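Data first, discussion second: the structure below is written as structure tokens.
The values are calculated or read from the model by the stated rules, or taken from the named source; none is laboratory data. What you are looking at is a predicted structure, and each value in this text was computed from that prediction instead of being measured. Cβ coordinates were reconstructed from backbone atoms using ideal geometry, including for glycine residues, and neighbour counts include every protein chain displayed. The accessibility values were calculated without ligands, DNA or RNA, using every heavy atom of the protein model including side chains. Shrake-Rupley method; radii C 1.70, N 1.55, O 1.52, S 1.80 Å.
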Number of protein chains: 2
Amino acid sequence: MKTPEARRRLSPDLREQEIVREAVKFFAEFGFEGQTRELAKRLGITQPLLYRYFPTKDALVERVYQEVFLRRWNPFWEELLQDRSKPLGERLTEFYRDYSQVILTYEWVRLFMFSGLKGLDFNTRYLDLLRQRVFDLIINELRLAHSRKPPDEVPITTMEIEAVWGLHAAIFYLGVRKFIYNMPVENINSIVDLELRIFLDGVPGTLAGR
Amino acid sequence: MKTPEARRRLSPDLREQEIVREAVKFFAEFGFEGQTRELAKRLGITQPLLYRYFPTKDALVERVYQEVFLRRWNPFWEELLQDRSKPLGERLTEFYRDYSQVILTYEWVRLFMFSGLKGLDFNTRYLDLLRQRVFDLIINELRLAHSRKPPDEVPITTMEIEAVWGLHAAIFYLGVRKFIYNMPVENINSIVDLELRIFLDGVPGTLAGR
DNA sequence: CGATCAGTTTATCAATCGATAAATAACGGA
DNA sequence: TCCGTTATTTATCGATTGATAAACTGATCG
């Protein structure tokens, strides 16, 4: 009992936006093997129309990546982590609460995993960025908070990076459980706080630069 | 320049074993959309022969699950975690070193993720088992080691479970990074030790039952 | 009100998929 | 050595896939 859906002839910009928005949801659900006919059906259009806006299916997939991963990165995070007017614990709480709100979504988590499994290099590129823009900063601030020598005197160790990876994994895995394993995960903020507490209590023993 | 590969007519048992063994590798690489013709090619047989041993493709996929997940569970783990003749830290190290050696493999990690993304209920079933057979045990032993009331007096809290989830995630994510994101991850045992140290130093603050 | 541009649909192709039936050939027993 | 069982291959079907070309139609302008 829905409208006959006879609405046609949208402006190209609007139509493209609609396609991309629906494609994000669609590929997040079925992966990149999701069929163009089914996507078109959800959009209330015919399948060949997709090819008016994107030359190939891969081009549409590529566009979905950009929309989900690149667009959602917040440059302010890097400032926040270095804002020494606040205690480090407070900064980390603020950062990971906000960061988790961005990446712990159905689309982000699943598309990221689909991308990794398909062997696309996007994951490594994103994670290299994450390490440079976030992990190194956190280690730097942790060193400072515990009166260790800075990274330019004593280089960052593998184990320091791994310690931060552990924190990051604990938080990201909440999204894996929720959106990939389909398990109930509630009160994410409280859990983020918990993981941070455990991390901050336990990490001093692994910091270098004494 | 390889042998003409004219060998035919294996015994049904042997042929089935070969098919399953190769199918595990194959589906771990390409996911369940991997094509039967390509799988047959890798086996050096023709595609219809697969249907002599498995009625449908799904039946073969189902068999792969059983082979990888059910067969590799070690009941001894549950005994080990409760062996109070050893310090808890030692038990956890021993367990997670062995457990990580079993699940942090190309096949296990990728098939588990493919399964989750496809919406099969196997993940939840496995993780329910993991929680009952491992998580609850760990929390019980942690309570005991820190002189808290046992779970039958003070029920296990959500946050205690989440704390163990965090440890588990940190370790499992090593496999995600290595086999899904294709990142270099070395010295897994050392990292497991590190995560355990951080966990054990930080977790007492979240234990209930005081 | 008619003409033109462009957004959209219809019709269809070529390749690929899982699956089936019939033909072939390898191995063991008499 | 021959024969029969059956493991294996050849040939093929029907459905589905991404993609293309041509026909259609709605909106804007004169």
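Name the single residue, out of those in region B:23-53 being touching a helix residue (DSSP H, G or I) at 6+ places or on another chain (Cβ under 7 Å), open to solvent by less than 70 Å² (accessible area, probe 1.4 Å) and of a type outside the set (A, V, I, L, M), that is farthest from DNA strand D (Cβ to nearest atom). Across region B:23-53, the extreme among qualifying residues is B:27.
Within region A:88-102, track down each residue that is of a type outside the set (Asp, Glu), surrounded by fewer than 18 Cβ atoms within 10 Å (Cβ to Cβ) and under 16 Å from the mean Cα position of the chain (by Cα).
Matches in region A:88-102: A:97, A:101, A:102.
Exactly one residue out of B:191, B:156, B:161 is open to solvent by 10 Å² or more (accessible area, probe 1.4 Å), within 11 Å of chain A (Cβ to nearest Cβ) and not polar (S, T, N, Q): that is B:161. Taking the numbered list (1) open to solvent by less than 90 Å² (accessible area, probe 1.4 Å); (2) within 30 Å of residue A:138 (Cα to Cα); (3) among the hydroxyl-bearing types (Ser, Thr, Tyr) in turn, residue A:85 passes all entries but (1). Restricting region B:20-53 to residues that are under 16 Å from residue B:110 (Cα atoms), without any contact (Cβ under 8 Å) to a residue 60 or more places away in the chain and part of a helix (DSSP H, G or I), the residue that is farthest from DNA strand C (Cβ to nearest atom) is B:21.
The number of residues in region A:54-74 being away from DNA strand C (no atom under 16 Å from the Cβ) and either over 19 Å from residue A:124 (Cα atoms) or within 14 Å of chain B (Cβ to nearest Cβ) (or both) comes to 2. Scanning region B:54-78 for residues that are surrounded by 16 or more Cβ atoms within 10 Å (Cβ to Cβ) and assigned to a helix (DSSP H, G or I) yields B:57, B:60, B:61, B:63, B:64, B:65, B:67, B:68, B:69, B:77.
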